[in-house]
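Below you'll find the structure, written out as structure tokens, and then a few comments.
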Amino acid sequence: MVLVGIWYLDDYLDRELPLAEPTAVFVLEPGTGFSAMVNQFKQLGWIENPQVLKLYGRLNPAITHIKAGEYLFEHGVSLAESLELLREGDVVRHQLTLLEGWTVDQILSHLANQPLLGKESLQNDANIWQSLGIDEPFSLLPEGLFFPDTYDYHRDDLPSSVLLRAYKRMQRVLNDEWEARDVGLPYENAYQALIMASIIEKETGVPEERAEIAGVFVRRLRLGMRLQTDPTVIYGLGAAYSGNLRRSHLRDESNIYNTYRQDGLPPSPIASAGREAIHAALHPAEGEAIFFVAKGDGSHYFSVTLKEHEAAVKRYQLSQRRADYRSAPPASEK
């Protein structure tokens with residue numbers, strides 16, 4: 001009789017789950033016990049006699065130590081294999097991408113729109129560090145301090161857990177690049193280099209131009225020239241920017257990000273910079289150019305003299321501006 005029971009149980013566990021589709025997602029909510037999980041299997045039509053599985057759990061307590069999460073069962077999976085997945089906590093991994101050039105507002109909006117992430121209220125201000133459990137010794141705003149990359153996450157993970165990894169990743173990348181920087185750069189610390197990298201990130205998405213643009217800005221800093229870069233002005237305008245940068249915007253001295261009126265670097269990064277932009281900021285290209293102008297296809301024309309620059313402006317921005325003109329590639333191309 002015992003042998004018959006063992007045979008029946010082995011056969012029961014070896015049966016394939018009768019999935020209605022080639023794959024099935026099974027969500028085990030936190031706090032769900034083994035017996036409740038068995039009832040879920042019964043409700044889904046995956047098992048016929050839940051009492052057999054519950055009895056097996058009493059005889060073999062180790063299998064009842066299941067872990068909450070989201071699981072993917074594929075066609076052909078047996079009942080025993082599904083139980084092993086639940087015991088090992090082999091949950092589904094999802095991915096999301098934070099893009100280069102995004103602001104913190106864009107990052108927070110993207111996280112809030114992920115239906116599988118847990119709900120959490122995060123604010124774009126210095127208080128965000130407390131939400132992330134980071135003991136910052138300064139009251140830095142979070143702009144530019146989250147590394148743009150693709151991150152894995154599990155169902156119901158909190159947005160703050162993704163942000164924390166992005167912050168730590170930025171610290172590692174920035175520190176590594178800072179340690180290998182060129183000598184004689186006009187930055188007091190790695191944070192200033194990150195500010196520069198964010199400007200480079202917004203100025204161009206053409207990889208071969210990043211170091212050249214960095215070279216222009218570094219030479220301007222060394223010469224005491226203002227950076228005069230539109231992306232910083234636009235960032236400072238915030239919601240007031242309607243898509244048309246006006247001369248009045250460039251004359252506005254109240255905009256602390258207006259590099260046409262303010263000396264040196266702006267007070268913070270203006271977006272998330274990728275490793276390539278950070279590397280460019282710390283390894284600017286040699287040369288003499290101190291001007292550049294967008295050509296309308298995402299690339300730039302570089303000039304050494306003001307006369308040459310004014311001719312380039314006339315050629316690319318005044319005489320030949322097209323309907324599809326753009327100063328840098330859109331985010332989808334970067």
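Laid out as a table, the results:
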| item | result |
| --- | --- |
| Top-ranked residue in segment 84-103 [being open to solvent by less than 30 Å² (accessible area, probe 1.4 Å) and free of Cβ contacts under 8 Å to residues at least 60 places away in the same chain; ranked as nearest to VAL38 (Cα to Cα)] | LEU86 |
| Residues of segment 131-140 satisfying the condition of being at pLDDT 85 or above and open to solvent by 40 Å² or more (accessible area, probe 1.4 Å) | SER131, GLY133 |
| Of residues in segment 110-130 being open to solvent by less than 60 Å² (accessible area, probe 1.4 Å) and not in a loop (DSSP other than H, G, I, E, B), the one nearest to PRO159 (Cα to Cα) | LEU111 |
| Within segment 286-316, considering residues that are touching a helix residue (DSSP H, G or I) at 6+ places or on another chain (Cβ under 8 Å) and in a strand (DSSP E or B), the one surrounded by the fewest Cβ atoms within 10 Å (Cβ to Cβ) | TYR301 |
| Residues satisfying the stated conditions in segment 84-98, i.e. aliphatic (A, V, I, L, M) and out of contact with any Gly (no Cβ under 9 Å at 6 or more places or on another chain) | LEU85, LEU96, LEU98 |
| Boolean, TYR153 is open to solvent by 60 Å² or more (accessible area, probe 1.4 Å) and more than 19 Å from GLU276 (Cα to Cα) | no |
| Unmet requirement for ILE134, which otherwise passes all of (1) part of a loop (DSSP other than H, G, I, E, B); (2) in contact (Cβ under 8 Å) with a residue 60 or more places away in the chain; (3) under 30 Å from PRO231 (Cβ atoms); (4) among the hydrophobic types (A, V, I, L, M, F, W, C) | (2) |
| Residues that are out of contact with any helix residue (DSSP H, G or I) (no Cβ under 9 Å at 6 or more places or on another chain) and in a strand (DSSP E or B), drawn from segment 82-106 | HIS94, GLN95 |
| Residue under evaluation SER160, criteria (1) among the hydroxyl-bearing types (Ser, Thr, Tyr); (2) surrounded by 15 or more Cβ atoms within 10 Å (Cβ to Cβ); (3) not in a helix (DSSP H, G or I), criterion not met | (3) |
| Of residues in segment 205-256 being touching a residue at least 40 places away in the same chain (Cβ under 8 Å) and open to solvent by 50 Å² or more (accessible area, probe 1.4 Å), the one farthest from SER303 (Cα to Cα) | TYR235 |
| Condition broken by SER35, with the remaining ones in (1) part of a strand (DSSP E or B); (2) farther than 30 Å from ARG169 by Cβ; (3) open to solvent by 50 Å² or more (accessible area, probe 1.4 Å) satisfied | (1) |
| Where ILE6 falls short, out of the listed (1) surrounded by fewer than 11 Cβ atoms within 10 Å (Cβ to Cβ); (2) part of a helix (DSSP H, G or I); (3) modelled with pLDDT of 90 or more | (3) |
| Helices (runs of 4 or more DSSP H) within segment 171-285 that include 2 or more residues hydrophobic (A, V, I, L, M, F, W, C) | 190-203, 210-223, 230-237, 275-282 |
| Count of residues meeting criterion [over 16 Å from GLU84 (Cα atoms) and either outside any helix (DSSP H, G or I) or touching a helix residue (DSSP H, G or I) at 6+ places or on another chain (Cβ under 6 Å) (or both)] in segment 49-64 | 3 |
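The values are calculated or read from the model by the stated rules, or taken from the named source; none is laboratory data. Remember, predicted model here, so these are calculated numbers, not experimental data. When we count neighbours, we look across all protein chains shown, and the Cβ atoms used for this are built from the backbone with ideal geometry, even at glycine. Heads up: the accessible areas ignore ligands, DNA and RNA and are worked out on the full protein's heavy atoms, side chains in. Shrake-Rupley method; radii C 1.70, N 1.55, O 1.52, S 1.80 Å.
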